Amino acid sequence: MNGKAKIAGDCEAEVFRAEGAFMIDGLLNAETIDIKLFGESKAKEIGGRKIKVAQHRESLFKLIKSLFPLKLETELIEGDDIELEGTSAFVVRGKNVKIGKNCEIGLVEYSGEYECSPDSEVKESRLI
C-alpha cells in the first residue's frame, strides 16, 4: 500500500507493506508486516509473525513531521519478532521485542529478548 487507505473491518494478508497512512477499524493480520509511517495511522489490533514499524527519515519530512504526527496508534500488537518506532499501544506482546524511538507503550510482555530506547516510554515490561 502506498498513500492513504481506510478499511472498515479487518485486513488479512500474507505480507502487508505500507508507506503512507492508514485507518483499519479492526484487526490487521499478516505473516509479515512492514510499515513506514508517513502520517498518522491507526489499527484496533495488529498481529503477525514479524512486525516492523519505522518512521520516515527524509529531511523534507522533518518539516511535515512537525505539522502531521508520524504515529501508529493501536490497542494491541502481538507477534514473534517486533520492532517499533513512533508507536502508541496499550499492550505489546511477543517473543523478541525492540522498542525504538518515539513510542508510548503501556505494557510489554516478552519471552525472548527485550530492548527499549531511552527516547520511548514503556510503563511496564514483563518477562513471561
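Scanning region 23-42 for residues that are over 22 Å from Asp81 (Cα atoms) and part of a strand (DSSP E or B) yields Met23, Asp25.
For region 116-128, filtering for residues that are assigned to a strand (DSSP E or B) and within 16 Å of Ala89 (Cα to Cα) leaves 7. None of Gly20, Gly3, Gly47 is at positive phi and buried (at least 16 other Cβ atoms within 10 Å of the Cβ) except Gly20. Of all residues in region 23-55, those being modelled with pLDDT of 95 or more and over 12 Å from the mean Cα position of the chain (by Cα) number 10.
For the structure I just gave you, tell me whether Leu60 is loosely packed, with under 15 Cβ neighbours inside 10 Å and modelled with pLDDT under 95. Yes, satisfied.
Of all residues in region 65-115, those satisfying the criterion of being under 23 Å from Thr32 (Cβ atoms) and in a loop (DSSP other than H, G, I, E, B) are Leu70, Lys71, Glu85, Gly86, Gly100, Lys101, Asn102, Cys103, Ser111, Gly112, Glu113.
The values are calculated or read from the model by the stated rules, or taken from the named source; none is laboratory data. The structure presented is a predicted model; accordingly, all values stated were derived computationally and were not measured. Here the Cβ is made from the backbone with ideal geometry for all residues, glycine too, and neighbour counts use every protein chain on show.
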